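Below is one structure; the comments refer to it alone.
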Amino acid sequence: MKAIKWADRNIEKIILVVLLFGILGINTAQIFYRFGAKSALPWVEELSRYLLIWSGFIGVSYTIRYNTAMRLTL
């Protein structure tokens, strides 16, 4: 029961961290392939886009659950 409660409280944070590190990792690999091997990986931009979209969806779920929001004042 404790494991389920822990997962319920922390699963969104874990998924968000994994998604953002995934974006960072594949984009870093793309840079090395583009400048080191002189050839680009064709799937990196699309996968990065999908990971960013999913992190947005899960981020909205996280902000609703904890009643937080990001504010930008100009």
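The values are calculated or read from the model by the stated rules, or taken from the named source; none is laboratory data. Being a predicted model, the structure only gives us computed values, none of them experimental. Cβ sites come from the backbone with ideal geometry, for glycine too, and all protein chains shown count toward neighbours. Just so you know, the surface numbers come from the protein's heavy atoms only, side chains and all, with ligands and any DNA or RNA stripped out. Shrake-Rupley method; radii C 1.70, N 1.55, O 1.52, S 1.80 Å.
A few remarks follow.
- Number of the exception - Ala40 against (1) open to solvent by 100 Å² or more (accessible area, probe 1.4 Å); (2) not in a helix (DSSP H, G or I): (1)
- The set of residues in segment 55-71 that are over 14 Å from the mean Cα position of the chain (by Cα) and either of a type in the set (A, V, I, L, M) or open to solvent by less than 60 Å² (accessible area, probe 1.4 Å) (or both) comprises Thr63, Ile64, Ala69, Met70.
- Some residue of segment 27-36 being without any contact (Cβ under 8 Å) to a residue 12 or more places away in the chain and touching a Leu at 6+ places or on another chain (Cβ under 6 Å): yes
- Qualifying positions in segment 21-36 - at pLDDT below 95, aliphatic (A, V, I, L, M) and open to solvent by 60 Å² or more (accessible area, probe 1.4 Å): Ile31
- Residue count, segment 24-54 (criterion: more than 23 Å from Ile14 (Cα to Cα), among the β-branched types (Val, Ile, Thr) and under 18 Å from the mean Cα position of the chain (by Cα)): 0
- Pairs linking a residue in segment 47-66 that is over 14 Å from Val17 (Cβ atoms) to a residue that is open to solvent by 80 Å² or more (accessible area, probe 1.4 Å), with Cβ atoms under 7 Å and 6 or more positions apart or on different chains, are Thr63/Ala69.
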